[in-house]
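Colleague: I have a structure I would like to understand better, so I am pasting it below and will then ask my questions one at a time.
Read-outs throughout are calculated quantities, based only on the coordinates presented, and are distinct from any laboratory measurement. Here the structure is a predicted model, which is why all the values come from computation and not from measurement. Here Cβ is always computed from backbone atoms with ideal geometry, including for glycine, and neighbour counts include all displayed protein chains.
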Amino acid sequence: MEHDFNHIEDLFRNAFSGYQVPPSPGLWKGLVRKLKVREFLRFDPSSFNMYYLGAIVTVGVAGVLLLGKPGQQDRLDTQAAQTDMLQAPEQDYEVAQPVQKEETPLNEAQNEATKAEAEAINNKTIKEQDARHESEVAEVPYVTPRLEAQESSQVAILKAREEDGFRTLMPLAAFEAGQWSGCVPFTVTFSNTSEYAESYSWNFGDGGMSEKKEPTYIFDEPGEYAVTLIAEGSHGKDVVTHNVTVFGRPKASFEIYPEDVYIPDEPVNFHNYSQNAERYRWDFGDGEISEAAEPVHYYKTTGNYNIRLIAWSAEGCVDSLTITNAFESTACNIQFPNAFRPNPHGPSNGYYTDGRTTNEVFHPVCKGVVEYQLRIYNRMGQLVFESNDVNIGWDGYVNDKLARPDVYIWKARGRFSNGQEFVKFGNVTLVKSDIN
Amino acid sequence: MTDESRIIKRCIRKDRSAQQQLFDMYASILLGVCRRYTLDLPEAEDILQEGFIKIFLNLKNFSGKGPLINWMRKIMINTAITYYHKHYKHRFHQEIEESETTGVLTVEEWDADFTREELLKVIQDLPPGYRMVFNLYAIEGYKHKEIGELLDIDVNTSKSQYSRARKLIREQLMKLEKKKKLKTLK
């Protein structure tokens, strides 16, 4: 196993054996500076010198003062110590350092004053020593300001580096879309969630490209598209791909049969030729709806109807088709009553007028009838009445004699004005009139 | 007494000019080592400085066994590891996805000659943890056990990180190769 996967290792080992990178010019100087600080901070008996001695003295004195003196005595002592020896001002100064912020400026001024009053030579040494303390005390828990500053500047540099490190990370390509699938034409606004990247290039998978950070794109063909985002930063690039699915829309389509409908008797058939659809809604235009694929609808009244079909695909894409004035509705129609009461006072020849409610003549209620034949038989099957005129009905008399009350069979056939033929039959009850 | 050991002696005595001599002799080769462990040159130079400070301060402890350069290289690597611990380790901590298939390793034959710069880019684009493990194992030749101890990670983590680093590298190299082929075709 070890054997056959040494290629990458070899490749890199060879490439980097004896790899040299010349350091930048200022590096040595920086190194020396750091080295000096380190050497200094490193306690080494062989390099024990005035600095260390000074530091030890300072620390010792500071310790004694802190332990031995409560704060209040401080000022009195300072003033009293004017004639004191070399150490007095130094002590004060050391104490003043850590407590400085809480003390009044007056006290500081006094310190300055005491200092000034000290002898010239002493003054010199003190200053020198003070200067040294500032850096030497670092060995001890107190960190003097200057060193602190040095440290903090290093920290700052390191921090900057770290941030640099973040910024110069490999870019991470990522993006989101409100929806990953939709109906054609599918408009997507991509939101870019890449990190550490500066420039972007999009490939929408259908030949479309963009360099925008957050492009909006319209897919106008159904299909599956691999949308690729390449995020490029200063330290490389990253690629991410998401699939976008674009569904085709259904195509709503239908025909009506027949084109001329006799309302209300005849149904209207709807032939559904929609494609890529699996759910429908029909609006018949008369306030009624249906969700059947191929409904049959009976209209109650004639009129001009606008029929609208909404078709949904399995993915929920929608299309609709409206046909206005879908068909000729003809109010051709013939209907017969099932009872009548002849006039007992004599035959009327069967003439009747629409709208009369006497019901003395058996006749149909009809519209658009052009050909007509009505035959009425009695129970024995004898023909009792025949009419070829829709305007002439049966008055209930046979050979001028009133027929007896019974149930009679009628059969009507004919043709409507639109050419439609009809055949109807039924029975009718002859009701005996009250004889006044 | 060889030239080098004279310089070492003078360096121990904190002779700046000798230190500079030592620096001039080895800085570029050691920076080459550091460079592999870092994202960019400034980082590498940081490690170099830090490493040289350690070298100068500890030179008196150098046993004299083996060449000085090996000792210095080791210091650099350790410094790089310290740097990594300080700056990256926890920030880029990644959950270990378990049991990634090691798969059948295809034979790796690289037609294209990769330049050192290309390879360096491949390394430096690795996540920091992978970069450490890959450098230590593939180039430095450490064992996974040693790497585990150095990086303070489990041996198995070292192994899995290595195999993933390797996978990433292979992908990159293949991309690179493809790109190169395209270029030559043009």
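Colleague: Of all GluC sites (Glu not before Pro) in region A:235-327, which ones are in loop regions per DSSP and have a Cβ with at most 16 other Cβ atoms within 10 Å?
Modeller: Working: sites: A:E255, A:E259, A:E278, A:E288, A:E291, A:E315; in loops: A:E259, A:E278, A:E288, A:E291, A:E315.
Listed in order of number, the matching sites are A:E259, A:E278, A:E288, A:E291.
Colleague: For region B:136-186 and region A:332-369, what is the separation of their Cα centres, given in Å?
Modeller: 104
Colleague: Just counting partner chain Cβ atoms within 10 Å, what average do the residues of peptide B:35-47 show around their Cβ?
Modeller: Going residue by residue through B:35-47 and averaging, the value is 4.
Colleague: Give me B:M76, B:M132 ranked fewest to most by other Cβ atoms within 10 Å of their Cβ, as a rough exposure proxy.
Modeller: Sorted ascending by nearby Cβ count, the order is B:M76, B:M132.
Colleague: A further question follows. With 10 angstrom as the radius, rank B:D3, A:D319, B:D154 by how many other C-beta atoms surround their C-beta, starting from the fewest. Spell out each step's value before the answer.
Modeller: Working: B:D3 9, A:D319 20, B:D154 13.
Sorted ascending by nearby Cβ count, the order is B:D3, B:D154, A:D319.
Colleague: Which residue, B:I147, B:L119, B:L176, has the largest displacement toward the positive end of the dipole of region B:107-185 when charges sit on each Cβ (Lys, Arg +1; Asp, Glu -1)?
Modeller: Working it through, the farthest residue towards the positive pole turns out to be B:L176.
Colleague: Over what distance in Å are the Cα centres of region A:217-236 and region A:261-295 separated?
Modeller: 43
Colleague: Just check region B:3-87 against the gyration tensor rule for me: Cα atoms, a ≥ b ≥ c as the square roots of the eigenvalues, rounded for a/c under 1.5, and otherwise prolate or oblate depending on whether a/b exceeds b/c.
Modeller: Cα axes put region B:3-87 in the prolate bin.
Colleague: Once phi is turned into θ = phi - 60°, what whole-Hz ³J(HN,Hα) does the Karplus curve with 6.51, -1.76 and 1.60 give for every residue of region B:48-58, x standing for Gly and Pro?
Modeller: 4, 4, 4, x, 5, 4, 4, 4, 5, 6, 10
Colleague: Other chains near B:48-57: what is the mean number of their Cβ atoms within 10 Å of each residue's Cβ?
Modeller: Mean shielding by partner chains, rounded to a whole number: 4.
Colleague: Still on this structure, I have one more. Which whole number gives the average count of other chain Cβ atoms within 10 Å of the Cβ atoms across peptide B:123-136?
Modeller: 2
Colleague: Using the Karplus equation 6.51 cos²θ - 1.76 cosθ + 1.60 (θ = phi - 60°), what ³J(HN,Hα) coupling, rounded to whole Hz, does each residue of region A:356-367 give in order, writing x for Gly and Pro?
Modeller: Per-residue couplings from phi come out as 6, 10, 5, 6, 8, 10, 7, 8, x, 9, 8, 9 Hz.
Colleague: Residue by residue, what Karplus-based ³J(HN,Hα) values in Hz, rounded to whole numbers, does region A:276-283 have, using 6.51, -1.76 and 1.60 with θ = phi - 60° and x for Gly and Pro?
Modeller: 6, 10, 9, 9, 9, 9, 9, 10
Colleague: Taking neighbour counts of Cβ atoms within 10 Å as a proxy for exposure, in what order, fewest first, do B:M174, B:M72, A:M380 appear?
Modeller: Lowest to highest Cβ neighbour count: A:M380, B:M174, B:M72.
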